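Student: Dumping the structure here so I can ask a few things about it.
The values are calculated or read from the model by the stated rules, or taken from the named source; none is laboratory data. Every value quoted in this text rests on a predicted model; they were computed, and no experiment measured them. Don't worry about glycine lacking a Cβ; one is built from the backbone with ideal geometry, like all the others, and counts go over all protein chains shown.
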């Protein structure tokens with residue numbers, strides 16, 4: 001099941017549906033509709049991982065701007081823009097997703113990865129949480145695309161006071177666990193879920209996607225190895 005399949009499955013569940021950004025198949029009609037609704041959208045490969053192949057389209061006053069990586073191109077019409085990438089969109093079965101304007105730390109956007117794993121009894125536990133800050137002038141936060149892993153407490157420090165921050169991090173963990181519990185209904189054999197959560201400028205959290213084969217190595221970049229060791233223990237990996 002790709003990103004769109006997961007979105008359509010999770011959208012049925014009230015406990016999580018309001019936290020999901022609008023996501024559709026990347027047809028010209030859907031892109032037009034969503035640009036009218038949101039002004040800016042992301043195009044992502046349905047099965048892609050690691051932040052590769054992601055486009056951002058923004059509707060300006062007299063043009064449409066296409067960004068990928070640090071490259072920027074301007075088009076007079078959406079039709080021309082669409083046809084310039086249409087072959088790739090069809091080949092890699094792209095989706096179009098509402099753009100969530102990410103919260104920033106030191107003027108660079110970030111999002112959050114929540115690691116949720118099954119314990120020996122098969123119950124879901126949150127075993128890790130980490131922030132990913134985008135590289136300067138990049139549109140993605142992924143670690144393997146140049147993003148910087150940082151403690152979540154560091155990223156939220158300029159947005160929330162100590163007590164509020166503690167409560168908010170707990171809220172993010174609960175959202176990650178709830179999202180995993182919903183997707184687990186369709187992925188019962190999976191032992192781990194990597195939940196990518198965005199926070200907008202109003203401090204609303206959004207579940208961008210859930211990876212059913214999450215990368216553990218990002219947690220090893222933190223100075224404090226407590227989370228990484230816990231994740232390895234849950235994975236049955238001895239170090």
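Student: Take the conditions within 24 Å of residue 209 (Cβ to Cβ), at pLDDT 95 or above, touching a helix residue (DSSP H, G or I) at 6+ places or on another chain (Cβ under 9 Å) and not assigned by TED's automatic domain parsing to the domain that holds residue 135 and apply them to residue 66. Does it pass?
Tutor: Values: within 24 Å of residue 209 (Cβ to Cβ): yes; at pLDDT 95 or above: yes; touching a helix residue (DSSP H, G or I) at 6+ places or on another chain (Cβ under 9 Å): yes; not assigned by TED's automatic domain parsing to the domain that holds residue 135: yes.
Spelling it out, residue 66 is indeed within 24 Å of residue 209 (Cβ to Cβ), at pLDDT 95 or above, touching a helix residue (DSSP H, G or I) at 6+ places or on another chain (Cβ under 9 Å) and not assigned by TED's automatic domain parsing to the domain that holds residue 135.
Student: In segment 23-33, which residues are crowded, with 17+ Cβ neighbours inside 10 Å and outside any helix (DSSP H, G or I)? I'd like the intermediate steps shown before the answer.
Tutor: First, the residues of segment 23-33 that are crowded, with 17+ Cβ neighbours inside 10 Å: 23-24, 26, 31.
Within segment 23-33, 23, 24, 26 meet the criteria.
Student: Right, another one. Taking the stated definitions as given, is residue 183 at pLDDT 95 or above and either in a helix (DSSP H, G or I) or out of contact with any strand residue (DSSP E or B) (no Cβ under 6 Å at 6 or more places or on another chain) (or both)?
Tutor: yes
Student: Do we find that residue 108 is assigned by TED's automatic domain parsing to the domain that holds residue 134, surrounded by fewer than 18 Cβ atoms within 10 Å (Cβ to Cβ) and modelled with pLDDT under 95 in this structure?
Tutor: For residue 108, the condition - assigned by TED's automatic domain parsing to the domain that holds residue 134, surrounded by fewer than 18 Cβ atoms within 10 Å (Cβ to Cβ) and modelled with pLDDT under 95 - is met.
Student: Residue 15 is checked against (1) in contact (Cβ under 8 Å) with a residue 40 or more places away in the chain; (2) farther than 24 Å from residue 155 by Cα; (3) loosely packed, with under 15 Cβ neighbours inside 10 Å; (4) under 16 Å from the mean Cα position of the chain (by Cα) and fails just one. What number does that condition carry?
Tutor: (4)
Student: What residue, among those in segment 193-204 that are in contact (Cβ under 8 Å) with a residue 24 or more places away in the chain and surrounded by fewer than 20 Cβ atoms within 10 Å (Cβ to Cβ), is farthest from residue 124 (Cα to Cα)? I'd like the intermediate steps shown before the answer.
Tutor: Taking segment 193-204 as the starting set, the residues that turn out to be in contact (Cβ under 8 Å) with a residue 24 or more places away in the chain are 193-201, 203.
Subset that is surrounded by fewer than 20 Cβ atoms within 10 Å (Cβ to Cβ): 200-201, 203.
Values: 200: 26, 201: 30, 203: 25 Å.
Checking each candidate, the answer is 201.
Student: Pull out all pairs, ordered by first then second residue, where Cβ-Cβ is under 6 Å, the residues are six or more apart or on different chains, the first lies in segment 131-142 and is closer than 12 Å to residue 56 by Cβ, and the second is modelled with pLDDT of 80 or more.
Tutor: From segment 131-142, the pairs are 134/108; 134/109; 139/56; 139/67; 140/54.
Student: Please specify each residue of segment 193-239 satisfying the condition of being part of a strand (DSSP E or B) and in contact with a helix residue (DSSP H, G or I) (Cβ under 7 Å, 6 or more places away or on another chain).
Tutor: Result: 193, 195, 197, 205, 207, 209, 210.
Student: Among the strands (runs of 3 or more DSSP E) lying completely within segment 54-100, list those that include at least 2 residues that are within 18 Å of residue 4 (Cβ to Cβ).
Tutor: 55-59, 94-98
Student: Right, something else. Among the candidates 36, 44, single out the residue that is touching a strand residue (DSSP E or B) at 6+ places or on another chain (Cβ under 9 Å), in a helix (DSSP H, G or I) and within 13 Å of residue 57 (Cβ to Cβ).
Tutor: Every option except 36 fails the conditions.
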